[in-house]
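J.: So that we are looking at the same thing, I have put the structure below in structure tokens.
Computed from the coordinates by the stated procedures, all read-outs in this text should not be read as laboratory data. Quantities reported herein were computed from a predicted structural model and do not represent experimental measurements. Cβ placement follows ideal geometry from the backbone for every residue including glycine, while neighbour counts extend to all protein chains displayed.
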Amino acid sequence: MTNIAFILPAPNGGGAERAMIAVANRMAADGAQVDMLLVRREGPFLCDIAGSVRIIDLAAGNIRKALPALRRYMRAERPPLLISALVGTDVLALVGKALFRWPTHLHLSVQNAPVASAGVSQDALERRWPLIIRTLYRFADSLNGISIGVARDVEALMGKAQGGVPVINNPVDIARARARSAEAPAHSWLARKSGPVVLAVGRLVRQKDYPTLLRAFRIVRERRPGARLLILGEGQDRAEVEAEIHALGLADAVAMPGFDDNPFAAMAAADVFVLASRWEGFANVVAEALACGATVVSTDCPSGPGEILAGGEYGRLAPVGDAAALADAIGAALAEPADPDVSRRRAEEFSLDRVVAGYRALFAAHGLRV
């Protein structure tokens with residue numbers, strides 16, 4: 001089998017990191033020699049990397065300083081395949097390949113909607129992502145988008161025909177999600193319910209649009225005074241989100257306990273799972289919530305949630321930034337929960353087995369057996 005190297009900035013609490021770690025773990029379990037290159041060996045998902053995956057600490061602190069360490073690794077190990085899934089490491093790998101003529105097959109898994117994110121992202125590289133795709137991504141040996149929307153974005157930016165960028169969704173480890181969803185939820189609001197609990201899971205950043213979620217929840221709370229909102233996640237906008245909670249008079253009805261390494265138990269126990277994002281690549285948490293049997297509400301943002309929920313067949317969709325519509329959708333979901341078995345069956349469309357098979361087929365087309 002081909003030796004495989006994955007590269008991440010750090011195993012932090014994002015969907016791309018969780019997805020790539022899951023794919024790496026499965027490929028290693030199936031017999032491949034897999035290295036996980038980390039710009040920084042820190043983050044809540046570090047413990048999720050399987051023992052069969054060799055962790056390579058580039059110890060660079062940040063991506064701008066990582067090229068010398070990556071060059072040393074590539075010269076010493078010469079992996080036939082290098083996979084990157086975040087814009088910072090994409091640029092790092094592309095520059096290294098161009099400068100040092102690495103013979104390694106470089107694959108980029110595009111994990112977010114570049115056009116949608118560029119105008120409003122807090123990340124400097126993401127704001128320039130469309131330009132980076134136009135100028136640099138043609139030097140990759142292969143690409144995939146994690147949703148149809150992402151693939152269409154990349155095709156348009158690169159001047160490719162529709163279908164020129166294959167779609168491989170991010171995976172849900174169904175067995176793990178279901179096993180962990182059976183555990184007792186950590187938060188007391190879910191362990192000992194006194195009213196309906198709405199759950200959100202995601203980083204506290206602009207992309208997730210917590211202000212709209214909070215305004216929507218205030219409307220829900222007016223209609224259902226006993227309702228509570230639990231937000232699991234951490235991020236740079238914590239202070240702003242907390243300020244919004246207090247400004248809306250929701251301090252007693254909203255809890256933000258931080259990152260939870262088992263959000264699946266909360267997904268299974270909550271009455272409604274909600275995502276209010278302005279944009280996504282795939283929205284892993286939506287598929288994960290379905291795997292836990294949750295009733296799901298999401299914004300119909302570009303891109304991912306609408307595809308996962310099949311235009312509303314498997315959950316309710318609301319326009320981006322529309323607090324009133326999001327409140328109506330949450331209220332309807334509370335009044336008429338989804339059938340958990342139907343949700344779980346839908347999640348199987350995004351199983352780890354199917355996703356890894358998709359990557360294997362793509363790499364086989366390039367002469368690589370993984």
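J.: Once Lys and Arg get +1 and Asp and Glu get -1 on their Cβ, which of 142, 297, 285 lies farthest toward the positive end of the dipole of the chain?
T.: 142
J.: Positive end of the dipole of the chain, charges at C-beta (+1 Lys, Arg; -1 Asp, Glu), about the Cα centre: which of 29, 89, 205 has its Cα farthest in that direction?
T.: 89
J.: Give the residue from 110, 63, 46 lying farthest towards the positive end of the charge dipole for the range 22-116; charges sit on Cβ (+1 for Lys and Arg, -1 for Asp and Glu) and the dipole is referred to the Cα centre.
T.: It is 63.
J.: Would you compute the Debye intensity of the range 155-227 from its alpha-carbon atoms alone, equal scatterers and no solvent, and pass along log10 I(q)/I(0) at q = 0.27 Å⁻¹ to two decimals?
T.: -1.17
J.: Using the Cα centre of the range 224-370 as the reference point, and only Cβ charges (+1 on K/R, -1 on D/E), how large is the resulting charge dipole? Debye, rounded to the nearest 20. Can you show the working numbers first?
T.: On the way: 11 positive and 22 negative charges, 97 e Å.
Roughly 460 debye for the range 224-370.
J.: Hey, how many Å between the Cα centroid of the range 145-219 and the Cα centroid of the range 7-74?
T.: 22
J.: Suppose every Lys and Arg Cβ carries +1 and every Asp and Glu Cβ carries -1, with no other charges. What dipole size does the range 289-370 come out with about its Cα centre, to the nearest 20 debye?
T.: The calculated dipole for the range 289-370 is roughly 500 debye.
J.: To the nearest 20 debye, what is the magnitude of the charge dipole of the range 1-160 about its Cα centre, counting +1 on the Cβ of each Lys and Arg and -1 on the Cβ of each Asp and Glu? All intermediate terms of the calculation are to be shown ahead of the outcome.
T.: Working: 19 positive and 13 negative charges, 115 e Å.
Charge dipole, the range 1-160, about its Cα centre: 560 debye, nearest 20.
J.: In nm, give the distance between the simple-model label positions of residue 222 and residue 341, each being 7 Å from the Cα along the Cα-to-Cβ direction.
T.: It works out to 4.0 nm between the two label points.
J.: Long-range amide H contacts for residue 320: which residues qualify at under 5 Å (H placed 1.01 Å from N, peptide plane, sequence gap of 5 or more or a different chain)?
T.: For residue 320, whose amide H was placed from the backbone, the distant partners under 5 Å are 300.
J.: For residue 65, which lysines qualify as cross-link partners when the Cα separation must be under 28 Å and same-chain residues fewer than eight apart are set aside?
T.: Partners found: 97.
J.: From the C-alpha gyration tensor of the chain, pull out the three semi-axes of the equivalent ellipsoid (sqrt of 5λ each), sorted largest to smallest, in whole Å. Before the final figure, lay out each step's value.
T.: Working: eigenvalues 251, 85, 77 Å².
With the √(5λ) rule applied to the chain, the semi-axes are 35, 21, 20 Å.
J.: Helix-derived [θ] at 222 nm for the chain: sum -39500 (n - 2.57) over DSSP H runs of at least 4, divide by residue count, nearest 500? List each step's numbers first, then the result.
T.: Values: 17 runs with 157 residues, N = 370.
It lands at -12000 deg cm²/dmol.
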